[in-house]
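The values are calculated or read from the model by the stated rules, or taken from the named source; none is laboratory data. Note that the structure is predicted; figures quoted are calculated from it, not measured. Cβ atoms come from the backbone with ideal geometry, glycine included; neighbour counts cover every protein chain shown. We work out accessible area using only protein heavy atoms, side chains counted, and drop any ligands, DNA or RNA first. Shrake-Rupley method; radii C 1.70, N 1.55, O 1.52, S 1.80 Å.
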Amino acid sequence: HLNNSNLQQYDSTYRFFFFKQKTAYEMLRSLVGSEMCIRDRFYTYPSLIFAYIRLARQLKIYNETQGTYKKAGNAEEGGEENEEESEPQETQAYLKPELNFKVVFEIIRKLADSIASGNAELGIKLYLDILQIISECDPQREHDEFSYEIAEAALTLYEDEISDSETKRVIILQIVGVFQILNCFSEENYDTLVSNITQYCSKLLKKNEQCIAVLQCTHLFLNQHYRNEARAFECFKKCLKIAQTCLKSNIKNLNLYVSILNKFLFFLSAGVEAVHLDDIQTCINLINEKIEEFKSSNSDNVESVMRYLANTSTYVQEKKNSGAQHFVEINMPQYS
């Protein structure tokens, strides 16, 4: 039984052992692979991963400010910015000269690998988080091969370990959403990865899901870091082909053409030359031909699709009124 004096002595010993002998960084690092963390890794490792992600962001700030930190908050009254202050004392413990991005990324990779071996879905999500922090901290792409290995591990997990069709659909859309903002791969590696992702999208169980997923892949080839209009147009052609097959089997799939039309308009507005007015008008004409049949169907999404279509026609009209040159020749009626 511990009395008050013993508790105080125990508390001071505890603090000395854990905080005097090791820095916060070394304590986190020593947990990797320990028996406790292997047993409870699905609870402890994600927290450690996000702690290291925060550490990577602090390292980025540290490198950018060359060891100085600016005070948080707005500028003081009178328009003068806050004065820089020296690096906080508690930060000096783990911002060591030998601690760099490579060390942090490798530790995060070890943690994620351990989780992925027992939970593929969580492992994929954590790999995507790692790729995002690498992209954020490494705009020069110095860790290109390391990033490629992580991306390859995520896609391998998706292909080999995920079997449920709905889970596959959700995860592949998450992968597409993350990859369109990444900037941590060489052009060759990125092209290989997004080609594989597009293939996975085209292999989803349901045809209508294939169409929507491949349509989202157009952003993999047209984004702020990578531009390949020819590959994007290949995605459009594949979507139109799938949508045509779906429409023949069920009029309810007319919404696929509405989605394709909106994606065409989005890239047309962005000045993408691969988008042709003929393709846009073909979509509109087909929708006009089938719209009455669609409205009389018993589809649950008639109301939402018609509202979506009405908003699209309003957008086109507004673009015309504003003098947008590419929209002048588009002939699209008003829908209600």
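Quick rundown of the values:
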| item | result |
| --- | --- |
| Any hit, the range 290-309, residues being touching an Asp or Glu at 6+ places or on another chain (Cβ under 9 Å), open to solvent by less than 10 Å² (accessible area, probe 1.4 Å) and aliphatic (A, V, I, L, M) | no |
| When residues of the range 226-243 are limited to those that are open to solvent by 70 Å² or more (accessible area, probe 1.4 Å) and in contact with a helix residue (DSSP H, G or I) (Cβ under 8 Å, 6 or more places away or on another chain), the one nearest to Leu261 (Cα to Cα) | Lys238 |
| Hey, Glu318 without any contact (Cβ under 8 Å) to a residue 40 or more places away in the chain, within 17 Å of Phe267 (Cα to Cα) and open to solvent by 20 Å² or more (accessible area, probe 1.4 Å) or not | yes |
| Residue in the range 256-266 that is polar (S, T, N, Q), surrounded by 18 or more Cβ atoms within 10 Å (Cβ to Cβ) and in contact with a Cys (Cβ under 7 Å, 6 or more places away or on another chain) present | no |
| Search result, residues across the range 114-126 that are open to solvent by 10 Å² or more (accessible area, probe 1.4 Å) and under 21 Å from Arg57 (Cα atoms) | Lys125 |
| Meets criteria (modelled with pLDDT under 95, among the aliphatic types (A, V, I, L, M) and out of contact with any His (no Cβ under 9 Å at 6 or more places or on another chain)) for Ala243 | no |
| Qualifying positions in the range 130-145 - in a helix (DSSP H, G or I) and open to solvent by 40 Å² or more (accessible area, probe 1.4 Å) | Gln132, Glu136, Glu145 |
| All positions within the range 168-190 that are without any contact (Cβ under 8 Å) to a residue 40 or more places away in the chain, closer than 20 Å to Ile134 by Cα and either surrounded by 14 or more Cβ atoms within 10 Å (Cβ to Cβ) or aliphatic (A, V, I, L, M) (or both) | Tyr190 |
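Quick grid of which residues meet (1) under 27 Å from Cys217 (Cβ atoms); (2) part of a helix (DSSP H, G or I); (3) of a type in the set (D, E, K, R):
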| residue | (1), (2), (3) |
| --- | --- |
| Asn262 | yes, yes, no |
| Leu268 | yes, yes, no |
| Gly271 | yes, no, no |
| Ala274 | yes, no, no |
| Asp278 | yes, yes, yes |
| Cys283 | yes, yes, no |
| Asn298 | no, no, no |
| Val305 | yes, yes, no |
| Leu309 | yes, yes, no |
